[in-house]
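Read the structure below first, then the notes.
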Amino acid sequence: MSSQGSPLDGIRVIEVDNWMAGPSAAAILADMGAEVIKIESPAGDPMRATGRRPKIDDPEKTGYDYQYDVDNRGKLSVGINLNSPEGVNLLHRLAEKAQIFMCNLLPNRQARFSLDPATLLVINPLLVHATLTGYGTQGPDASRPGYDVTAFFGRSGLYDAMREGDEGIVPMARPGQGDHTTGLAMVGAILAALRMAEQTGEGQVVETSLYETAIWTQAADYSVTGIDHAPVRRRDRKHMLAATVNRFPCKDGKWLVVNMPHSSAWPLLCKALDREIWQQDERFEDARTRYNNMSELVDLIDEVMLTKPRDAWGSIFDQVGIVWGPVMALHEVVKDPQAEAIGIFPELSEKTIGKYRTVNSPMRFQNARVEPRGPAPRSGEHTQQVLTSLIGLEKSELARYVESKAVFLES
């Protein structure tokens, strides 16, 4: 561990986020050393208690919400009722003490609760105000709610482009893929805005959305589609452009993927498969003939690939010099030596369940500490601590706020 501390030591974040996208960005900021104060309503973040549980025979450990934990670890939870004017006033006082304010409420709801940039930058002129939405804060869908499956995968064209062939069924993403990708975009915007605020002495307003981040992930396609407006060609395994860019089944039921688009890779594949005779076959003599006979060629390659298990083929491909990768299942990845080497699954400890594995932020610093700081808080766990220490509430004042339901303590 470095003695130089963490990149965001001394930075305070007030977070009014729920579900996964915004919270995942705030979790990365917490990993970087920021003090993240998560504001929760009396009902708590709706993401609590919605994730799947591990399939193990330990009722105490299976009761813990690991999916909520990964996006909210290392934070402080303060219970504030935004429907209460007194609660909003307390939140404004917290914003005065922060460098970053994060919010994934839609613009009309930000204005309703006086959490919009125009309001908060008057209260704190140096504040970085960061908004994450489904579709952006302008345009006809600015007030449309969006989840990653709707705004990121559906509306952006990603689901349609991922279909295999024109008749392929629309796929379904795994939980949080679009949320976490957008969270990374939010982190980048916040860090750049924080630097600008420090340099200029003026606050900054930044935003991103699930929709535009998803479009950015498809920039290679959109750079052309934006010009010709033509439908994207969805290619199934039997109609790929090159035999050396495909995924193949193996004897053990596992798959691997090969990605060597240049035609010079064809002899290497023939050698690896011990089918060098294919190089003299007129059906496969050049890139054009292989393309014209791709369905038949894929059947022949499949027939050979099904004679050996995946990892055996991997060793052969390594020896020949083929760029390949295993199509691994999630339960394989958590035991992958490469994952272990880069520390992507660190261990945390929680007082009721003890030690457990989580997922690290996808970045490492050579001379700074970037890692999960602790488990996710319980809803309202730090209300008293934060409001008394940060804005100086007396215990009698806090009790009055609790009685009026402007704030709530741990539930």
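The values are calculated or read from the model by the stated rules, or taken from the named source; none is laboratory data. All values reported here derive from a predicted model rather than from experimental measurement. Reconstructed Cβ throughout: ideal geometry from the backbone, glycine too, with neighbour counts over all protein chains shown.
Residue-by-condition table, conditions (1) surrounded by fewer than 18 Cβ atoms within 10 Å (Cβ to Cβ); (2) not in a helix (DSSP H, G or I):
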site: 192; (1), (2): yes, no
site: 202; (1), (2): yes, yes
site: 213; (1), (2): no, no
site: 223; (1), (2): yes, no
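Cβ-Cβ contacts under 6 Å between residues 6 or more apart (or on different chains), taken from a first residue in the stretch 84-96 that is farther than 15 Å from residue 42 by Cβ to a second residue that is in a helix (DSSP H, G or I) and not acidic (Asp, Glu), are listed as 92/123; 95/120; 95/123; 96/123.
Scanning the stretch 88-106 turns up no residue that is at pLDDT 95 or above and at positive phi.
Among residues of the stretch 286-297 that are outside any helix (DSSP H, G or I), those with a beta-carbon under 9 Å from a residue that is surrounded by fewer than 14 Cβ atoms within 10 Å (Cβ to Cβ) at least six positions away or on a different chain give the pairs 293/283.
Residue-level check: of (1) of a type in the set (A, V, I, L, M, F, W, C); (2) within 30 Å of residue 185 (Cα to Cα); (3) part of a helix (DSSP H, G or I), residue 268 misses just (2). You will find that of 139, 134, the residue that is in contact with a Pro (Cβ under 8 Å, 6 or more places away or on another chain) and either at pLDDT 95 or above or of a type in the set (Gly, Ala, Ser) (or both) is 134 and no other. Only one of the numbered conditions (1) of a type in the set (Val, Ile, Thr); (2) touching a residue at least 24 places away in the same chain (Cβ under 8 Å); (3) out of contact with any Asp or Glu (no Cβ under 7 Å at 6 or more places or on another chain); (4) in the same structural domain as residue 23 (by TED's automatic domain parsing) is not met by residue 358, and that is (3).
Would you call residue 252 assigned by TED's automatic domain parsing to the domain that holds residue 294, surrounded by fewer than 17 Cβ atoms within 10 Å (Cβ to Cβ) and not in a helix (DSSP H, G or I)? Spell out the reasoning first.
Numbers: assigned by TED's automatic domain parsing to the domain that holds residue 294: yes; surrounded by fewer than 17 Cβ atoms within 10 Å (Cβ to Cβ): yes; not in a helix (DSSP H, G or I): yes.
Here the answer is yes, as residue 252 does meet what is asked.
Name the single residue that is surrounded by the fewest Cβ atoms within 10 Å (Cβ to Cβ) among those in the stretch 225-249 being charged (D, E, K, R), in a helix (DSSP H, G or I) and touching a residue at least 40 places away in the same chain (Cβ under 8 Å). By that ranking, first place goes to 238.
Each row is one residue, and each column tells you yes or no for (1) more than 30 Å from residue 374 (Cβ to Cβ); (2) in contact with a helix residue (DSSP H, G or I) (Cβ under 6 Å, 6 or more places away or on another chain).
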site	(1), (2)
251	yes, no
293	yes, yes
310	yes, no
327	yes, no
335	no, no
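Could you check the stretch 56-70 and list, in sequence order, the residues that are among the acidic types (Asp, Glu) and free of Cβ contacts under 8 Å to residues at least 60 places away in the same chain? I'd like the intermediate steps shown before the answer.
In the first step, residues of the stretch 56-70 are kept if they are among the acidic types (Asp, Glu); the result is 57-58, 60, 65, 69.
Matches in the stretch 56-70: 57, 58.
So, residue 46, is that one within 18 Å of residue 348 (Cα to Cα) and assigned to a loop (DSSP other than H, G, I, E, B) or not? Judged against the criteria, residue 46 is not a match.
List the helices (runs of 4 or more DSSP H) that sit entirely inside the stretch 312-411 and contain at least 1 residues that are in contact with a strand residue (DSSP E or B) (Cβ under 6 Å, 6 or more places away or on another chain).
On the way: elements: 330-333, 337-342, 383-389, 395-403.
Here the list reads 383-389, 395-403.
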